1. Going by what's in this entry, would Thr79 be described as among the polar types (S, T, N, Q), within 11 Å of the ligand (Cβ to nearest atom) and closer than 18 Å to Thr93 by Cα?
2. Which ones in the range 245-279 are under 18 Å from Tyr135 (Cα atoms) and in a loop (DSSP other than H, G, I, E, B)?
3. Give the number of residues within the range 23-41 that are more than 10 Å from the ligand (Cβ to nearest atom), in a helix (DSSP H, G or I), hydrophobic (A, V, I, L, M, F, W, C) and under 19 Å from the mean Cα position of the chain (by Cα).
4. Go through (1) under 22 Å from Ala166 (Cβ atoms); (2) buried (at least 22 other Cβ atoms within 10 Å of the Cβ); (3) of a type in the set (Lys, Arg) one by one and return the number of the condition Arg217 breaks.
5. What is the number of the single condition among (1) away from the ligand (no atom under 12 Å from the Cβ); (2) closer than 22 Å to Val245 by Cβ; (3) surrounded by 13 or more Cβ atoms within 10 Å (Cβ to Cβ) that Ser211 does not meet?
6. Conditions first: (1) in contact (Cβ under 8 Å) with a residue 60 or more places away in the chain; (2) surrounded by 24 or more Cβ atoms within 10 Å (Cβ to Cβ); (3) of a type in the set (Phe, Trp, Tyr). Phe132 passes all but one, so which condition is the exception?
7. Quick one: Trp312 ticks every box in (1) crowded, with 22+ Cβ neighbours inside 10 Å; (2) over 21 Å from Leu76 (Cβ atoms) except a single one, so which number is it?
8. Any residue at all in the range 280-295 that's under 15 Å from the mean Cα position of the chain (by Cα), in a helix (DSSP H, G or I), of a type in the set (A, V, I, L, M, F, W, C) and within 14 Å of the ligand (Cβ to nearest atom)?
Amino acid sequence: MDGLLTVADFEAPAAEALDPVHYDYFAGGARDEITVRANTSAFARIRLRPRVLRGRGTPRLATTVLGQPASMPVLLAPTAFHRLAHPEAERATARAAARAGTVLVAAMLSTVAIEDIAAEARKVAADPVLWFQLYLQRDMGFTEAVVRRAEAAGVRALVVTADSPALGHHERNDRNGFHDLPPGMRCENLRELRADEPGHVRQVDLSPDLSWAHVARLRALTDLPILLKGVLHPEDARIAADEGVDGIVVSNHGGRQLDTALASVEALPAVVDAVAGRLPVLLDGGIRRGTDVVKALAYGACAVAVGRPVVWGLTVGGEDGVTRVLDILRDETAHTLMLCGCGTPAEVSRDLVLAGPPC
Ligand code: FNR
């Protein structure tokens, strides 16, 4: 990994190492991929307006999210199918996140079971913070079974993905004929545990029938904090707060659902204003630099999450690759805070950013 200095540097060697069909699955997005590109270009259009001579010393990045500790305001977003990237799959990702002391949002569609992900994280940290991303299933009995597994594994929050009433349409996958995992790989969290169907692995059910009523039913069946992921409209953020949701992840699913949806950082300020401090707001989509992290904090996010950068790190170097990607983001975020005159993430305020024409 010598010579890989930036997060972006990891993509080319990852593309080289991956089966091109799997690279397209990870890198691609919906339709014309306009939103994929918008997520990163929107950050480039925002300019930082630093403060000087504030004597804040070396920045301290440690923070809390939902009252839970994170060594920096950068989390690992849920991304499916890590075994396509590396034979150690989510096991390696879990160790890297735990070693970094930050939150891993484990994907429901992981190729390693949540129990094994948790066990792996505990090998390197006494008390790793693990959250679980959930696609609500209309079969609430099965949803409950999955939630109970996650609870028993020790996860500390559920991240409900709300932006997927159907699969996004990825034309790269269509052209490549990629619609299923290769033989031997499975979504281990979808395996039936019922005695009458041992070993059977379900298909995930993404449905346009899902509504706030399903969120209410989830709320009633678990005491875990619930975050809603995939919110872009301020009205939905307001409803989420009224419905007893505990946090919001502003996200367009990395441009993989609705193409031409606005960039996640463009959606952020209105969502932050709508919830008016009632809930913590996180953001993912297009974070590639420490400056992107600080811009999201300035608009009011308490933390951000990264998706593809983790996959590229995993592909290139397994656990060490993910560790390196997280270290780069940590160093860049600390450096940016210092150059902005801030000593902690909490000191980043909205006056530090100006939206403007493309750089
Ligand atoms: C995702 N994402 C995602 N989100 C989710 O809620 N459940 C999932 O199973 C997946 N799977 C997934 C696979 C891959 C390959 C990617 C790239 C993304 C979306 C993810 O959580 C996050 O929203 C984006 O990845 C953030 O954008 P960046 O950081 O990739 O630009």
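The values are calculated or read from the model by the stated rules, or taken from the named source; none is laboratory data. Predicted model, so just to flag it, every value in this text is computed and none were measured. Please note: Cβ atoms are built from the backbone with ideal geometry, for glycine as well, and neighbour counts cover all protein chains shown.
1. On the way: among the polar types (S, T, N, Q): yes; within 11 Å of the ligand (Cβ to nearest atom): yes; closer than 18 Å to Thr93 by Cα: yes.
Judged against the criteria, Thr79 is a match.
2. At the first step, the residues of the range 245-279 found to be under 18 Å from Tyr135 (Cα atoms) are 245-258.
If the condition is that a residue be under 18 Å from Tyr135 (Cα atoms) and in a loop (DSSP other than H, G, I, E, B), then Val245, Asp246, Ser251, Asn252, Arg256, Gln257, Leu258 are the ones that fit.
3. So the answer is 1.
4. (2)
5. (3)
6. Only one criterion is unmet by Phe132, namely (1).
7. Evaluating Trp312 over (1) crowded, with 22+ Cβ neighbours inside 10 Å; (2) over 21 Å from Leu76 (Cβ atoms) leaves (2) as the failure.
8. yes
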